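Below is one structure, written out as structure tokens; the observations come after it.
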Amino acid sequence: MLINLEPLAASAANKIVNTSLSKNAEATEVENIVTKSLGVLTEQGIYALGLFLATRKRNKDEHKRNDRKSDAIVADSIHLYLASLLKETYLFTDSLKNKQDVITDFYREITVPNENESSVDALRRILLIKQMFETTLTYARYAAKARKDN
């Protein structure tokens, strides 16, 4: 089955931005977290992205940072729609279904070869996922920037 990934990535990117904005995150904050997420993914990989998103969701003292809630909203949106994108593209396996609640386990599981998958096939799948996530986050960054500029 041949799937055109670009429209799926664009749709997920718009959902990330729209969901974040609808939950009262500001466009600047959305752009900031998406840009940081993209940088972590590009430089460090899929699992590091999961760790980064998990750290955005931690609660900190309110007097230290008031924008913490917005960070969590954007991180939740990114995770939700990247996970959804994996399902849509059939790169999501049954073993991941129970891991969505624990964000770091979810991203760790993505990088592990599936049963009956050769090392080469696993590497191809991982690189495809990384490229698809990068495309999605790039589109989300530009969508947030467009919202900010309007």
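The values are calculated or read from the model by the stated rules, or taken from the named source; none is laboratory data. Predicted, not measured: the structure shown is a model, and the values here were computed from it. Every residue, glycine among them, receives a Cβ derived from its backbone with ideal geometry; neighbour counts consider all protein chains shown. We work out accessible area using only protein heavy atoms, side chains counted, and drop any ligands, DNA or RNA first. Shrake-Rupley method; radii C 1.70, N 1.55, O 1.52, S 1.80 Å.
Observations on the structure shown:
- Qualifying residue in the range 84-98 (condition: within 23 Å of residue 39 (Cα to Cα), open to solvent by 80 Å² or more (accessible area, probe 1.4 Å), at pLDDT below 90 and not charged (D, E, K, R)): no
- The listed residues are 81, 47, and the only one of them that is out of contact with any Phe, Trp or Tyr (no Cβ under 6 Å at 6 or more places or on another chain) and at pLDDT 90 or above turns out to be 81.
- The conditions of being part of a helix (DSSP H, G or I), farther than 22 Å from residue 20 by Cα and modelled with pLDDT of 90 or more are met by residue 127.
- Taking the criterion of being in contact (Cβ under 8 Å) with a residue 60 or more places away in the chain, more than 19 Å from residue 73 (Cα to Cα) and either of a type in the set (Asp, Glu) or open to solvent by 40 Å² or more (accessible area, probe 1.4 Å) (or both), the residues of the range 9-57 that qualify are 42, 47.
- Checklist (1) open to solvent by less than 30 Å² (accessible area, probe 1.4 Å); (2) modelled with pLDDT of 90 or more applied to residue 70, failing item: (2)
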